[in-house]
């Protein structure tokens with residue numbers, strides 16, 4: 001009976017450690033309006049945010065100027081002199097062109113120091129009616145409130161502080177490009193702090209941006225001592241492997257400026273949507289951003305900012321001690337030590353006759369069965385998409401009931417794992433069963449040491465697991481209290497990834513969560529394997545799973561608070577004199593069905609438009625539409641000459657209506673000798689001898705207009721080369737246009753993010 005009580009208490013301690021781990025990831029107290037003027041107040045930041053995020057304010061929208069004016073007025077209230085930097089920028093790879101208007105100011109230091117840059121972007125996402133509360137109104141409000149509090153102290157800092165609010169970040173990081181490539185202050189910047197968001201809640205991740213090693217940056221970050229650091233080198237390694245799209249990346253690539261950027265990714269279903277409003281932003285997430293800025297501004301305003309390094313560090317946040325870090329040079333010694341300790345403990349157990357080798361070998365069977373079942377369970381997301389295909393139209397991949405579904409699948413995994421290991425349990429078998437998962441973790445640690453070194457901290461829980469097995473072998477009775485405490489590193493380090501990967505990357509990563517759950521269970525076997533209540537725990541987690549799935553089902557419908565993303569465009573082909581209604585949706589709600597039902601097809605989409613957005617979406621339903629006049633842009637040739645066998649052509653495209661975007665297409669094999677858009681020269685990229693030589697499609701340019709500025713194209717090409725273009729104009733007034741008798745979008749739906757939607761589109765061919 002005492003053993004049962006001890007097991008129950010141990011299990012409750014495990015749950016408590018998990019809770020404590022997540023509890024420490026972000027602040028739990030939110031600063032109010034009574035906070036002293038010299039300190040950051042989240043409540044005051046929310047007041048700023050309410051003004052910033054009243055309306056959608058993407059480049060070219062009327063509210064864009066209103067937000068700019070508001071930020072400028074606030075900075076002037078702080079006694080700062082403001083500069084507006086305006087210029088075009090072109091983002092190679094994205095093919096994105098836009099005019100950016102950056103807001104820049106400076107707090108001079110004593111003249112004895114260096115220069116710190118604090119930045120965020122103030123434009124919201126286009127097309128989707130996003131008010132940009134989190135992305136990146138939260139960053140703007142954090143900086144405005146943080147700078148206000150910093151100035152209120154009346155203290156003179158050593159380093160200069162440049163404050164930069166970039167524009168056109170959502171279009172191609174163009175504001176950051178304009179600053180780093182064209183503003184003289186950019187050459188003075190030694191380090192940058194960038195505040196971002198990719199959802200409307202959750203803990204704010206710290207990511208390092210550097211061309212060299214991160215060693216000095218990590219040490220400096222730890223010295224700054226933010227109250228709730230949430231950072232690890234696994235994210236750093238993954239980030240360096242992936243193509244990135246933050247302003248920080250532009251600073252690093254074009255200016256060799258090191259820095260940190262901070263972004264929360266929870267509630268990812270709100271990202272770039274009409275739901276990105278202040279009321280849905282988690283106050284604790286904003287408090288977290290403020291805690292970073294306060295600590296780092298205090299530290300780096302007076303610190304040495306020369307933090308270039310050759311050495312990379314492993315780092316991770318741990319409750320209580322906050323930041324744990326050590327150099328990459330320790331990876332292989334720690335790995336070798338882990339393997340040595342594994343065999344030492346194994347031989348020790350065999351010599352003590354605590355178990356036989358065959359029992360250790362048999363321990364692989366429940367682990368492998370559990371891993372296979374965990375993968376099968378993860379396929380449940382695909383089953384849900386089959387049963388409820390509308391969820392696939394949430395392009396972020398994380399639905400409104402994503403947290404409930406994740407909890408349900410993880411709990412179901414735990415229920416099955418507890419049940420499976422109960423079948424293999426015998427008295428005093430916990431030690432023997434533990435070697436299989438420890439072996440797996442050592443194999444993982446070996447793999448990441450070579451291919452993903454930032455994840456090499458996975459060796460740390462292995463050490464504690466080996467110590468636990470050693471104690472099991474040494475003492476005849478399990479020491480539940482000690483063994484439970486030794487589980488803390490595994491719980492602190494691994495549980496966050498079970499949640500973060502599916503939330504940030506979508507439920508397509510569910511397999512990662514369920515497999516990690518099994519492997520984490522394996523590390524806990526020294527204590528869990530000694531329970532005599534595993535059958536009851538299997539039943540408990542089965543009930544939790546059922547409850548979570550019921551809760552998920554209750555949130556599976558689409559309501560005003562959980563709107564369904566819908567897209568609708570009117571496309572007019574000027575030459576063919578054909579008109580279509582088209583949608584990127586894979587599933588039609590009643591509103592779309594009313595418009596598209598006749599002659600709609602879900603066959604291969606017709607090529608009436610280029611793929612749209614970051615996911616390369618194509619039209620899935622198209623139907624004929626009435627032919628209403630939509631004015632296409634006019635093309636004027638300014639120069640068309642041949643010099644020394646080279647054709648030189650200059651032409652201008654003038655919009656004839658309130659066009660928001662122009663997409664210019666040109667056959668993929670066309671070789672330009674020279675190419676520029678609105679004065680922005682397109683240079684050959686790595687491995688190219690001609691501009692845009694290695695395009696993988698006909699896509700050439702996406703130009704985002706403001707104030708109906710025309711598109712100027714200057715090019716040169718071989719005299720005998722064929723040359724033609726296809727131009728798409730987008731004006732985002734379809735639903736407001738009186739020429740179209742369309743029903744209003746219902747309240748339980750919203751514009752689909754990441755695509756050009758609600759647009760009048762004209763398609764025309766341009767021949768010279």
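If you check residue 620 against the conditions, is it touching a helix residue (DSSP H, G or I) at 6+ places or on another chain (Cβ under 9 Å) and surrounded by 12 or more Cβ atoms within 10 Å (Cβ to Cβ)? No; evaluated as a whole, the condition is false for this residue.
In region 463-496, how many residues are within 17 Å of residue 14 (Cα to Cα) and part of a helix (DSSP H, G or I)? The number of residues fulfilling the criteria is 19.
Within region 530-547, is there a residue that is in contact (Cβ under 8 Å) with a residue 24 or more places away in the chain, buried (at least 19 other Cβ atoms within 10 Å of the Cβ) and farther than 16 Å from residue 411 by Cα? Among the residues of region 530-547, at least one is in contact (Cβ under 8 Å) with a residue 24 or more places away in the chain, buried (at least 19 other Cβ atoms within 10 Å of the Cβ) and farther than 16 Å from residue 411 by Cα, which makes the answer yes.
For (1) within 30 Å of residue 5 (Cα to Cα); (2) part of a loop (DSSP other than H, G, I, E, B); (3) modelled with pLDDT under 95, each residue gets a yes or a no:
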residue	(1), (2), (3)
522	yes, no, no
548	yes, no, no
575	no, yes, yes
593	no, no, yes
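Selection of helices (runs of 4 or more DSSP H) fully inside region 215-329 by the criterion of at least 3 residues being over 23 Å from residue 459 (Cα atoms) returns 215-224, 247-255, 283-300. Among the residues here, residue 147 qualifies as crowded, with 20+ Cβ neighbours inside 10 Å, modelled with pLDDT of 95 or more, in contact with a strand residue (DSSP E or B) (Cβ under 8 Å, 6 or more places away or on another chain) and part of a helix (DSSP H, G or I). Criterion applied to 113, 79, 95 was being modelled with pLDDT under 95, more than 30 Å from residue 701 (Cβ to Cβ) and not assigned by TED's automatic domain parsing to the domain that holds residue 755, and the one residue passing it is 113. Within region 57-68, none of the residues are surrounded by fewer than 18 Cβ atoms within 10 Å (Cβ to Cβ) and either within 23 Å of residue 260 (Cα to Cα) or in contact (Cβ under 8 Å) with a residue 24 or more places away in the chain (or both).
Considering only region 369-451, give the helices (runs of 4 or more DSSP H) lying wholly within it that have at least 1 residues that are within 28 Å of residue 583 (Cα to Cα). Don't jump to the end; show me each part of the working.
Values: elements: 380-387, 402-424, 430-451.
By residue number, 380-387, 402-424.
Of the candidates 81, 155, the single residue that is part of a loop (DSSP other than H, G, I, E, B) and free of Cβ contacts under 8 Å to residues at least 12 places away in the same chain is 155.
Give region 355-368 a look and list any residue that's surrounded by fewer than 18 Cβ atoms within 10 Å (Cβ to Cβ) and part of a loop (DSSP other than H, G, I, E, B), or say none. Once the filter is applied, which keeps residues that are surrounded by fewer than 18 Cβ atoms within 10 Å (Cβ to Cβ) and part of a loop (DSSP other than H, G, I, E, B), region 355-368 yields only 356. Within region 1-31, being part of a loop (DSSP other than H, G, I, E, B) and surrounded by 12 or more Cβ atoms within 10 Å (Cβ to Cβ) holds for 24, 25, 26, 27, 30, 31. With 316, 341, 305 as the choices, which residue is touching a helix residue (DSSP H, G or I) at 6+ places or on another chain (Cβ under 8 Å) and closer than 30 Å to residue 138 by Cα? The conditions single out 316.
If you go through region 451-463 and keep only what is surrounded by fewer than 19 Cβ atoms within 10 Å (Cβ to Cβ) and at pLDDT 95 or above, you end up with just 463. Across region 624-656, the qualifying residues are those that are closer than 30 Å to residue 596 by Cα and surrounded by 16 or more Cβ atoms within 10 Å (Cβ to Cβ), and the one among them that is nearest to the chain's Cα centre (by Cα) is 655.
Screening residue 345 against (1) farther than 23 Å from residue 447 by Cβ; (2) crowded, with 22+ Cβ neighbours inside 10 Å; (3) outside the structural domain of residue 265 (by TED's automatic domain parsing) leaves a single unmet condition, (1). Is it the case that residue 171 is touching a strand residue (DSSP E or B) at 6+ places or on another chain (Cβ under 6 Å), touching a residue at least 60 places away in the same chain (Cβ under 8 Å) and not in a helix (DSSP H, G or I)? So residue 171 does not fit the description; no.
Take region 724-747 and flag every residue that is in contact with a strand residue (DSSP E or B) (Cβ under 6 Å, 6 or more places away or on another chain) and in contact (Cβ under 8 Å) with a residue 60 or more places away in the chain. Even if it seems obvious, please write down each step before you answer.
Quick first cut of region 724-747, residues in contact with a strand residue (DSSP E or B) (Cβ under 6 Å, 6 or more places away or on another chain) only: 724-732, 734.
Result: 725, 726, 727, 728, 729, 730, 731, 732, 734.
May I ask you to list the residues in region 683-717 that are in contact with a strand residue (DSSP E or B) (Cβ under 7 Å, 6 or more places away or on another chain) and farther than 28 Å from residue 732 by Cα? Within region 683-717, 690, 691, 692, 715, 716, 717 meet the criteria.
Is it the case that some residue within region 56-74 is over 19 Å from residue 175 (Cβ atoms) and not in a helix (DSSP H, G or I)? No.
Of the candidates 291, 301, 233, 227, the single residue that is surrounded by fewer than 20 Cβ atoms within 10 Å (Cβ to Cβ) and either in contact (Cβ under 8 Å) with a residue 60 or more places away in the chain or not assigned by TED's automatic domain parsing to the domain that holds residue 139 (or both) is 227.
Checked against (1) buried (at least 17 other Cβ atoms within 10 Å of the Cβ); (2) without any contact (Cβ under 8 Å) to a residue 40 or more places away in the chain, residue 443 meets all criteria but (1). Candidates 674, 695: the one that is out of contact with any helix residue (DSSP H, G or I) (no Cβ under 7 Å at 6 or more places or on another chain) and modelled with pLDDT under 95 is 695.
The values are calculated or read from the model by the stated rules, or taken from the named source; none is laboratory data. It should be emphasised that the depicted structure is a prediction, and the values quoted were computed from it without experimental measurement. All Cβ positions, glycine included, derive from the backbone under ideal geometry; neighbour counts span all protein chains shown.
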